[in-house]
Amino acid sequence: MNTIFTNMDLEGVALASVSYVSAIWMLLHGIRGYQTGLIIESRKGTSVKDYYYRGDIGFYVNVFFYIVGGTAMTGFATWLLMVSLGYW
């Protein structure tokens with residue numbers, strides 16, 4: 001019997017789902033940071049936090065990369081999902 005799920009790759013679908021979650025987090029973090037005018041980044045392995053305020057070049061660089069990265073990751077996740085499901 002040939003169904004719609006015959007050519008489906010489950011690992012690809014799972015990776016696309018995780019990518020969607022990460023992309024949404026990146027987009028929401030960048031948008032919310034722009035709205036509030038503050039982005040807080042923690043350094044790995046320490047309790048030190050970096051604060052980026054509106055007007056600082058680091059703030060705009062972070063907002064830009066969060067939004068562009070989230071948008072690109074959404075496009076990649078959509079492509080991966082469609083290929084994994086066998087539509088493309």
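Observations on the model:
- Rounded to the nearest 500, the helix-only mean residue ellipticity at 222 nm of the chain stands at -23000 deg cm²/dmol, with each DSSP H run of n ≥ 4 adding -39,500 (n - 2.57).
- Structure-derived semi-axes √(5λ) of the Cα gyration tensor in Å: which label, when the choices are (i) 42, 13, 9; (ii) 33, 22, 10; (iii) 36, 13, 8: (iii)
- Rounded FRET efficiency, nearest 0.05, which uses the C-beta distance separating R32 from M82 and R0 of 30 Å: 0.55
- Between helix 10-36 and the chain there is an angle of about 30 degrees, using the helix long axis and the longest principal axis of the Cα atoms.
- Normalised contact order of the chain, rounded percent, pairs of Cα under 8 Å and 6 or more residues apart: 45 percent
- Note on F65/M8: beta-carbon distance plugged into 1/(1 + (r/R0)^6) with R0 of 35 Å gives a FRET efficiency of 0.60.
- Extension gain, W25-S42: 0.36 nm per intervening residue step, less the Cα-Cα distance, totals 4.5 nm.
- In the context of the full set of protein chains, residues of the chain present 72 Å² of accessible surface per residue (probe radius 1.4 Å, heavy atoms only).
- Summing +1 for each Lys or Arg and -1 for each Asp or Glu among the other residues whose beta-carbon sits under 13 angstrom from that of K49 gives 0.
- Each Lys or Arg adds one and each Asp or Glu takes one away; over the other residues whose Cβ falls under 13 Å from the Cβ of S84, this sums to -2.
The values are calculated or read from the model by the stated rules, or taken from the named source; none is laboratory data. Remember, it's a predicted structure, so these values are computed and weren't measured experimentally. Cβ: placed from backbone, ideal geometry, glycine included. Neighbour counts: every protein chain shown. SASA here: full protein model, heavy atoms, side chains in, ligands and nucleic acids out. Shrake-Rupley method; radii C 1.70, N 1.55, O 1.52, S 1.80 Å.
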